[in-house]
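Single-structure report; data block below.
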Amino acid sequence: MTRLVPLFAIVSLLFAAGYTYAVRPVQNHTTPAAPPPETTSEKTVAAEGLIEPESENISLSSAVSGLVTRVYVKTGDRVRGGQPLFSLDDREVAADLGVKRAMLESARARLAKFQQAPRPEEVPPAQAKVDEAQALLADAEVQVQLIESVTDRRAVREEDVRRRRLNFEAASSRLRQAETELALVKAGTWSADLTISKADVDQAAAAVRQDEINIERLTVHAPVDGVVLQNKVRVGQYAQAGLAAEPLMVFGAGKGLHVRASIDENDAWRVQAGAPAVAHLRGNSRISYPLEFIRFEPYVIPKKSLTGTATERVDTRVLEVVYRFKDAQAQVFDGQQLDIFIQTNVAANTAAGGVQ
């Protein structure tokens, strides 16, 4: 029986190896739909190009979320800066604006009332009260003098004397009160009340302005002169504010189209500023357009569109170079991909010799 153990172990090992080989993942080479451009000359550098407006693609969004009620433009329209593109439902904000405008008018009317004080018709009644108080005081004074002029103290009661003296003091107090009220009427509104009333007007005006701004924000305007490249806005659609996976509108500005060429970082050192280039249309490489150098984008970024080739690294980084078409009538479109070939005086095989 012990002789069968090694034989059983060998059979098990062979079975495990065969099973592992049978279930291994099969990796088939995938041919990319659009292979990257390849140069056959040591004097050119191949790159992938993407057509964009002079301003680059501007993804338009709404400052606030809401229901789209009007769309003023369509794809391909040329618009002026500040021209409305689409509007959102503003009924709620418009109703609140009406309330705040009424509050502003009330605050302004209250301030005008304070500034016009005293009213001309308010002075005579106050003056009449002063005159009345003076007459009552004079009468009280006569009554005091009469009772005090009696020589025989037994003829009058002490209580009557004190009562007439108290009436005189009360009449004096009423006169002082009437004179104070008259002075207050003539003085007009207190300065602190005017300050508070002015602050109320400013606050109400700020609330109105806030709602007016909120209504303005419900209409999206063109940032600059340009063209509507793509329009995904529809009446009745709920537009979400902020950055969306698919922008509501794509806008482009500028006089012409540019080409953004992505150069592999391994070839970036060979490209010189001002180097001319040629763009070939994908699908018909016989159609080409000369390009004029504009600038380098100095920040090397990860490659955005991978082709799927077996030799391509997922951590590929590219240097972006911006060109313009020399032919202003070039039959190309924004977002179209091109094969770019950039002239260079540095051959790829000189890399090792150039390092000392």
Those residues of the range 214-255 which are small (Gly, Ala, Ser) and crowded, with 16+ Cβ neighbours inside 10 Å amount to 222, 226, 239, 252, 253, 254
* Report yes if some residue within the range 208-219 is over 27 Å from residue 59 (Cα atoms) and touching a helix residue (DSSP H, G or I) at 6+ places or on another chain (Cβ under 7 Å); otherwise report no. => yes
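Give 286, 270 a once-over and let me know the one that is at pLDDT below 95 and open to solvent by 50 Å² or more (accessible area, probe 1.4 Å). Step through it out loud before you land on a result.
On the way: 270 fails: open to solvent by 50 Å² or more (accessible area, probe 1.4 Å).
Every option except 286 fails the conditions.
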Exactly one of 258, 280 is at pLDDT 90 or above, buried (at least 17 other Cβ atoms within 10 Å of the Cβ) and under 23 Å from residue 58 (Cα atoms), and that one is 258
Of the residues in the range 310-334 that are of a type in the set (S, T, N, Q) and exposed (fewer than 13 other Cβ atoms within 10 Å of the Cβ), the one that is modelled with the lowest pLDDT is 311
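A quick yes/no check of all residues on (1) part of a helix (DSSP H, G or I); (2) closer than 30 Å to residue 114 by Cβ:
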residue	(1), (2)
198	yes, yes
201	yes, yes
204	yes, yes
211	yes, yes
215	yes, no
230	no, no
234	no, no
246	no, no
_Tell me whether the range 123-140 contains one or more residues that are closer than 20 Å to residue 198 by Cα and in a helix (DSSP H, G or I)._
no
Expected single match for open to solvent by less than 80 Å² (accessible area, probe 1.4 Å) and modelled with pLDDT under 90 among 49, 18, 76, 98 is 18
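Condition check ((1) open to solvent by 60 Å² or more (accessible area, probe 1.4 Å); (2) basic (Lys, Arg)) across all residues:
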position: 113; (1), (2): yes, yes
position: 117; (1), (2): no, no
position: 120; (1), (2): yes, no
position: 124; (1), (2): yes, no
position: 152; (1), (2): yes, no
position: 156; (1), (2): no, no
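With the condition kept exactly as written, say whether any residue in the range 152-166 is within 30 Å of residue 108 (Cα to Cα) and in a helix (DSSP H, G or I). Please lay out each step first, then the result.
Filtering the range 152-166 for residues within 30 Å of residue 108 (Cα to Cα) gives none.
Checked the range 152-166: no residue is within 30 Å of residue 108 (Cα to Cα) and in a helix (DSSP H, G or I).
The values are calculated or read from the model by the stated rules, or taken from the named source; none is laboratory data. Everything numeric here is computed off the predicted structure, so don't read it as measured data. Note that we place each Cβ from the backbone using ideal geometry, even for glycine, and neighbour counts take in every protein chain shown. These area figures cover heavy atoms from the full protein model, side chains too; ligands, DNA and RNA do not enter into them. Shrake-Rupley method; radii C 1.70, N 1.55, O 1.52, S 1.80 Å.
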